[in-house]
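Enquirer: Quick one: the structure is below, and I'll ask about it shortly.
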Amino acid sequence: MASTLVSPADAAKRLDVYVSEVVPGVTRSAAQRLIASGLVTVDGRSESNSYRLRAGQHVTVSLPATEVRATAIVAEALPLVIVYEDSDIVVVDKPAGIVVHPAAGHRQGTLVNALLHHVQDLAGINGEERPGIVHRLDKNTSGLLVVAKHTVSLVRLQHQLSSRQMGREYVAIVHGCPKQTSGTVNAPIGRHSARRKEMAVVPHGRAAITHYQVKECLGAYAVVTCKLETGRTHQIRVHLAYLGYPIVGDEVYGPRKTPWELTRHMLHAARLRLIHPITGESMDFASELPPEFKAMQVKLKNITGHK
């Protein structure tokens, strides 16, 4: 069973559309079948497919019980830093250089492969024995992310993400020092018109909002923190480059050549705040900057004479 609270952003949506958006793997036609079968309620009442939701209503979806199928993803005994774990969620501290989820060209050696080995009580996501990735980090971004062990946790955590209840704070080292010590970038992001593997600020892209604050200027570089309101692909990297302050080491959105020999870009997911999807407890996790990040700061301070 999955239960979500309708956010103001989802108000006035049709019930079948809402269910298809918040329940992973459920299409609109599947949502309509669930509604017709009485497996969807709004504040405890059955409603029609076309029922228009109001903010603050509780939508409950009772997913039919299914046998958990073995996943095709191979479990691998890879190093994994687990910050927190219970029967519903896992919070991990991902190193740079590891892909989160298997995809073409990355079937093994991913975070999900490691999770399948280390986490022994996965209840399964939509009938398949695999962890539920709530949000992703780029391969060369390090830091915190939360993973759901079962469908109910996944649905509720994804709802927190979409309704902006989940807090994510990043630290980055950038080229240049922003003139404004803090600000907000509200610029839509979509596929680059020419380079289709890249993202860019485009007029008809998806809404994207990033808040930033300069923590320290180090000559021709700066340390900044970023807080996300939305979670678009490469959002922080694209927004900082759009401002004219690309992330150090970012070979896609930054300078092709830098004086530094780096194996990653300097972006770290340092803090994660969420509401436990089952207990309702407020949770706050922090991750120290990785050694290569600290080493870069020391180099820049030595060059500029900062203490």
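Enquirer: Please work out whether the chain counts as rounded, prolate or oblate from its C-alpha gyration tensor, where a ≥ b ≥ c are the square roots of the eigenvalues and a/c under 1.5 means rounded, while otherwise a/b larger than b/c means prolate and anything else oblate?
Expert: Judged from the Cα gyration tensor, the chain comes out prolate (a/c at least 1.5, a/b above b/c).
Enquirer: Segment 111-194: which trypsin sites (Lys or Arg not before Pro) are DSSP loop and have at most 12 other beta-carbon atoms within 10 angstrom?
Expert: LYS179
Enquirer: Order these by the 10 Å Cβ neighbour count, fewest first: MET266, MET283, MET199, MET296.
Expert: Least to most surrounded, the residues fall as MET283, MET296, MET199, MET266.
Enquirer: Can you list the residues of segment 138-177 with backbone N under 19 Å from a point 7 Å past the Cα of ALA75, pointing along Cα to Cβ?
Expert: Hits in segment 138-177 for ALA75 at 19 Å: 147-151.
Enquirer: While we're here: Cut-off is 10 Å between beta-carbons; in what order do ASP43, ASP284, ASP138 appear when sorted fewest neighbours first?
Expert: The order, fewest Cβ neighbours first, is ASP284, ASP43, ASP138.
Enquirer: Report the charge-dipole magnitude of the chain in Debye, nearest 20, computed about the Cα centre from +1 at each Lys and Arg Cβ and -1 at each Asp and Glu Cβ.
Expert: Using only the charged Cβ atoms, the result is roughly 1160 debye.
Enquirer: For segment 82-163, what proportion of DSSP beta bridges, expressed in % and rounded to the nearest 5, is antiparallel?
Expert: So the antiparallel bridges amount to about 95 percent of the total.
Enquirer: Quick check on segment 152-307: take the gyration tensor over C-alpha atoms, sort the square-rooted eigenvalues as a ≥ b ≥ c, and tell me if it's rounded (a/c under 1.5), prolate or oblate.
Expert: Oblate, since a/c reaches 1.5 and b/c is not below a/b.
Enquirer: Here is a follow-up. Report the relative contact order of the chain, percent, no decimals, based on alpha-carbon pairs under 8 angstrom and at least 6 residues apart.
Expert: Relative contact order comes out at 14 percent.
Enquirer: At 222 nm, what value in deg cm²/dmol follows for the chain if DSSP H runs of at least 4 each add -39500 (n - 2.57) and the sum is divided by all its residues, to the nearest 500?
Expert: After summing the helix terms and dividing by residue count, I get -5500 deg cm²/dmol.
Values in this text are rule-based calculations from the coordinates and carry no lab data. No experiment lies behind these values; they were computed from the predicted model shown. All Cβ positions, glycine included, derive from the backbone under ideal geometry; neighbour counts span all protein chains shown.
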